[in-house]
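Scroll down for the structure; my scribbles are underneath it.
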């Protein structure tokens, strides 16, 4: 789960990390009030979760409260990179002597957290890593020692600071690590971390991504409705409600399968045959007839879909349950679109029997079935090859 | 000669959360396969039995009384790390973590301890491991596997069964099939598994089944190229069509920024001389051709 900048900053501030003074505003009038209260030149920053916000015009400067109001008016409600701006952060503008980077993230291959720092902040760290790899300092954190203050001091030294400034930076890095472990983050980042003209530091922009699997430890975010969630399609919302893994894609072939890897491979195979999948949907392991029918209904309700591919290899999932689920959907809503079914594995005979009795043809090769459904979708989902209607 | 890697006929396993729905169901199937499930653990249910397997309150008790050396964990995610620690402290040397959705922070701690102790952790979010005809410590459907010569390492479940079934039909069979797990932090990598398959005489070729997210495939490709890996390796990578930033079912299957794309993995494999199958069914075909050339079949 990604947090908005203003939410992340509240948490950084809680840990004593210096951040610019500022407040959130949801109307231009509020933005003017905040700017008046701050009584300094400000930045007005769109609160959206997409990267590259600055370049896309999501950050505006304002020297007076009136200008802040106009800036907020420009940003609020418009779409930046396809996302509507729900609020803006009005914040004191700090003159930067230097822009730095510091973040804590996860190194999957080494199975540990890693601290990443650079004297070149303000752009994406991946870009720095490509253009100036020598400017990126990485410290892999041994889970047994953790990230100790002496590690933090080493990092501050390696990006070019000494004396009092080194100590002050190290203290900030250490706090970010503390925060990162307390909040189960996948990423905690200050970019840029600004060195001010008075030699002090401030986290001008911060990002926090929390591990979804650790959500149960952070109930304070439970009722948080993000832009992403309010923008869910009806299919995505229904899938979320039923605990199904669903991802909307651009094409017109609806997909239902069991197992994340198999469904990904199904999408890839469809594309190899020249088709375009409309979604990723994994019914999960050991799916019941009821779960299968719910999944199929979600895919059929997508108006872009003009043919459906069900690809099931039964392991703990039983083919007869899948077959029953399919028939249930036909009984309840009928099939407005042609459907190709590939069904093999546990209780395959029973599953096939149930479907063929009902006049539904079943295939056993994934590739053959993929090819068939691509042809159908190309025919506009017309009757041409309709196995079942 | 060892038939496979990590587990064999002598493996004596306990089931953690044996009285749960999944634990009990798969205990039955593992027993049917011939796996030595010697005890189970569910705190508070000590003294009862599941499919005639005695249940204990603690891993220590179960392991000591039955001389166990492995564990399979079905414990729910919030308690799964604790379960793994309990197994490690009881000196169990092979641990299969079926549980999915374990927090990253917990998984990191488990893997650090395992490394220190030399414990093999398979998973989390894995279907487990099977050495056909010897031992099944997992939830995979046994019927798609047959004793044979291909070592399989995979990051997914059902897709593995799909490819394994193809390898069985092609009459090659498997020496060992191991699910590394679909989570971002997992105990075994492709590289570590390749090393084990390299040393195992029964294994004549290796199939690697990867997917988007992380860089374990790239590291495997680099290992194969630099070490001059001798056995033929064939790879499949799922997720060519996955959009960036979206989690494709598995917690670990996500393209972040520029890392973890299928393209990067496929290119790395190709550069290392590893043939990459375009479709799942091609894995068995390519393996057959390679093994015929090497005169194994």
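Relative contact order for the range A:21-93: 47 percent, from Cα pairs under 8 Å spaced at least 6 residues apart, divided by residue count. Can you give me the distance in nm between label points at residue A:223 and residue A:109, each placed 7 Å from the Cα along the Cα-to-Cβ direction? Going from the residue A:223 label point to the residue A:109 one covers 4.5 nm.
With contacts taken as Cα pairs under 8 Å and at least 6 residues apart, chain A reaches a relative contact order of 12 percent.
By DSSP, the beta bridges lying fully in the range B:1-118 are antiparallel in about 10 percent of cases. In chain A, the longest principal axis of the Cα atoms and the axis of helix A:319-333 are about 90 degrees apart. When only Cα pairs below 8 angstrom with a gap of at least 6 residues are kept, the range A:254-389 shows a relative contact order of 26 percent. Normalised by 2.2 N^0.38 Å, with N the number of residues, the alpha-carbon radius of gyration of the protein assembly as shown equals 1.02. Sorting the segments A:332-345, B:63-76 by their mean number of nearby beta carbons within 10 angstrom, highest to lowest, gives B:63-76, A:332-345.
Counts of other chain beta carbons within 10 angstrom of each beta carbon in peptide B:121-128 average 1. Inter-chain neighbour count for B:252-259: the average number of beta-carbon atoms from partner chains within 10 Å of each residue's beta-carbon is 3. Take each residue in B:107-117, count the other chain C-beta atoms within 10 Å of its C-beta, and the mean is 3.
When you count the other C-beta atoms within 10 angstrom of each residue and take the mean per peptide, B:131-144, B:109-122, B:205-218 line up highest first as B:205-218, B:131-144, B:109-122.
Calculated from DSSP H runs of 4 or more alone, at -39500 (n - 2.57) each and per residue, what is the 222 nm mean residue ellipticity of the protein assembly as shown, nearest 500? For the protein assembly as shown, the value works out to -11000 deg cm²/dmol. Shown is the FRET efficiency for residue B:199 and residue B:61, computed with R0 = 45 Å from the Cβ-Cβ distance and rounded to the nearest 0.05: 0.85. With the cut-off at 1.5 for a/c, could you classify the range A:21-93 from its C-alpha gyration tensor as rounded, prolate or oblate? Prolate is the answer for the range A:21-93, as a/c is 1.5 or above and a/b outweighs b/c. When only alpha carbons are used to place a centre, the range A:177-228 and the range A:294-348 end up 41 Å from one another. A straight chain from residue A:21 to residue A:56 at 0.36 nm per residue would run longer than the Cα-Cα distance by 10.2 nm.
Rounded to the nearest 10 degrees, the angle from helix B:104-117 to the longest Cα principal axis of chain B is 80 degrees. With all projection directions averaged, the alpha carbon convex hull of the range A:232-385 covers 7.6 nm².
Where both bridge residues fall in the protein assembly as shown, DSSP classifies roughly 50% of the beta bridges as antiparallel.
Relative to the longest principal axis of the Cα atoms of chain B, the long axis of helix B:190-199 makes an angle of roughly 90 degrees. Compute the distance from the alpha-carbon center of the range A:93-136 to that of the range A:266-281, in whole Å. For the range A:93-136 versus the range A:266-281, the Cα centre distance is 36 Å.
For residue A:353 and residue B:12, the FRET efficiency from 1/(1 + (r/R0)^6), where r spans their Cβ atoms and R0 equals 56 Å, is about 0.85.
Subtracting the Cα-Cα distance of residue B:115 and residue B:278 from their residue separation scaled by 0.36 nm leaves 55.2 nm. In this calculation the C-beta distance from residue A:81 to residue B:82 is compared with R0 = 45 Å, giving a FRET efficiency of 0.60.
Beta-bridge orientation, chain B: approximately 20 percent antiparallel, per DSSP, counting only bridges with both partners inside.
Report, in whole Å, the centroid distance computed from the Cα atoms of the range A:239-265 and the range B:93-154. The two parts, judged by their Cα centres, are 25 Å apart. When peptides A:137-147, B:189-199 are sorted by average Cβ neighbour count within 10 Å, with the highest value leading, the order is B:189-199, A:137-147.
Values quoted throughout were computed directly from the atomic coordinates according to the rules given, and no laboratory measurement underlies them. Computed from a predicted structure; not experimentally measured. Quick reminder, even Gly has a Cβ in these numbers, built from the backbone with ideal geometry, and neighbours come from all protein chains shown.
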